[in-house]
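Single-structure report; data block below.
Readers should treat all values here as calculations from the given coordinates under stated rules, not as data from a laboratory. Everything numeric in this text was worked out from a predicted model, so none of it was measured. Cβ sites come from the backbone with ideal geometry, for glycine too, and all protein chains shown count toward neighbours.
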Amino acid sequence: MTEVTSDAAATRLRRSPLHERHAAAGAKFAPFGGWEMPLEYAGGGVLKEHTAVRTGVGVFDVSHLGKARITGPGAADFVNACLTNDLGRIAPGKAQYTLCCDDATGGVVDDIIAYLHADDHVFLIPNAANTAEVVRRLRAAAPAGVVITDEHEAYAVLAVQGPRSAELLGALGLPTEHDYMSFSTATLDSVALTVCRTGYTGELGYELVIPAEHALAVWDALFAAGAAYELRACGLAARDTLRTEMGYPLHGQDLSLEITPVQARSGWAVGWDKPAFWGRDVLLAEKAASPRRTLRGLEAVDRAIPRPGMAVYAGDTRVGTVTSGTFSPTKKQGIALALIDTEPKFADGEVLEVDIRGRRAQLRLHRPPFVKPSVR
């Protein structure tokens, strides 16, 4: 998480339009991507919030996520020539995970969900801290007639996640039958919103994109209906344990300007046959030569809990660095993502060691996810 160390810096943090609801629920707040967001809530904590999403339903306020709209003739073609994935693979009404890469280095500026509305309309949800930079790069490259609008604070985003998420939204009269990675528009008590069949937890789930001025009304409606489903408010700490169990990368740790999609094993989000996207030449060259390191999963053999930045060893030789590490509430053991050297080769199941505050702990290479996905 982004650290803010001074009172002056803290006063510059943005707040969600739902901040007062979080405070009333006893949220513990933390700075994240320039926003003051709920980390966890009183009366539950990370373990209960995590379990609610795996077994029932939880709701996350992720309004800190960026929002940018690209409109005008050829907007979709323009976005497709910039970002890595191939928008030509999807139809209007579908969403796609994609990457914004640096053209010179291939490093990841940000990972993004793109919502294709039409040939002349694409809506992007980047990460909070990177929104301004993604918008800047798109504006610098945009041809005449294509307009990039930063709508970061115009919308709230609520992630309703868990095996009972469809039941809850259905009880509110919202659509739930659309396919994974698709979206539809709807109304809730006259509030127009977008229901996206996406999420970052590995569970069945939806994200609601709501005009910021109506966020409180939608939050209250969710919790009024959610009492029957034991709906729990969940903070960013549980979101982190849930995504790590799935092996999903976090920008700034598992993806960054120093970590390419090839190294992060995110090549599935690259349209390799496209004639153009930022970073194409350098990424094709890295893919052909094979990267010097790749993102691998690790699970603890003993009670160790790995943390980001810890060194990974094979014998006396350092062979990698933990990028994300946590305790898995589902598996009841430490798990991690780590950048591991590709030479020498290490097979899944092989045991390496992580230096945890001067003590060597054994962790076994394990291909993510660490738990069974239930997104569909």
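Treating r as the C-beta distance of residue 350 and residue 290 and R0 as 30 Å, the FRET efficiency rounds to 0.95. Give me the lysines in straight-line cross-link reach of residue 274: C-alpha distance below 27 Å, same-chain residues under 8 apart excluded. Of all the lysines, those that pass the test against residue 274 - Cα under 27 Å, at least 8 places apart if same chain - are 67, 94, 287. If you build a Gaussian network model of the chain, linking Cα atoms that sit under 10 Å apart, which residue out of 148, 356, 70 swings the most? Comparing 148, 356, 70 in a Gaussian network model of the chain, the most mobile one is 356. Each DSSP beta bridge with both residues in the chain is either parallel or antiparallel, and the antiparallel ones are about 95%.
Which net charge results when you count Lys and Arg as +1 and Asp and Glu as -1 among the other residues whose beta-carbon is under 11 Å from that of residue 266? Show your work: numbers first, answer last.
On the way: positive: 265; negative: 111, 254.
Computed value for this residue: -1.
For the range 177-198 versus the range 74-97, the inter-centroid distance based on Cα atoms is 19 Å. Extension gain for the segment residue 28 to residue 71, taken as residue separation times 0.36 nm less the Cα-Cα distance, is 11.6 nm to one decimal. Note on residue 48: lysines with a C-alpha under 27 Å away, same-chain residues under 8 apart excluded, are 28, 331, 332, 372.
To the nearest 0.05, what FRET efficiency results for residue 273 and residue 321 with a Förster distance of 25 Å applied to their C-beta separation?
0.15
A crude spin-label estimate for the pair residue 189 and residue 91, with each label 7 Å from Cα along the Cβ direction, gives 3.5 nm. Farthest towards the positive end of the charge dipole of the chain, among the residues 142, 347, 37, is the Cα of 347, using unit charges on the Cβ of Lys, Arg, Asp and Glu.
With a simple spin-label model that places each label point 7 Å from the Cα along the Cα-to-Cβ direction, the separation between residue 372 and residue 314 comes to 3.3 nm.
Length gained on full extension, residue 104 to residue 360: 88.3 nm, using 0.36 nm per residue less the C-alpha separation. Between residue 332 and residue 171, residue separation times 0.36 nm minus the direct Cα-Cα distance comes to 54.6 nm. The residue among 100, 132, 121 whose Cα reaches farthest toward the positive pole of the charge dipole of the range 68-150, with charges on the beta-carbon of Lys, Arg, Asp and Glu, is 121.
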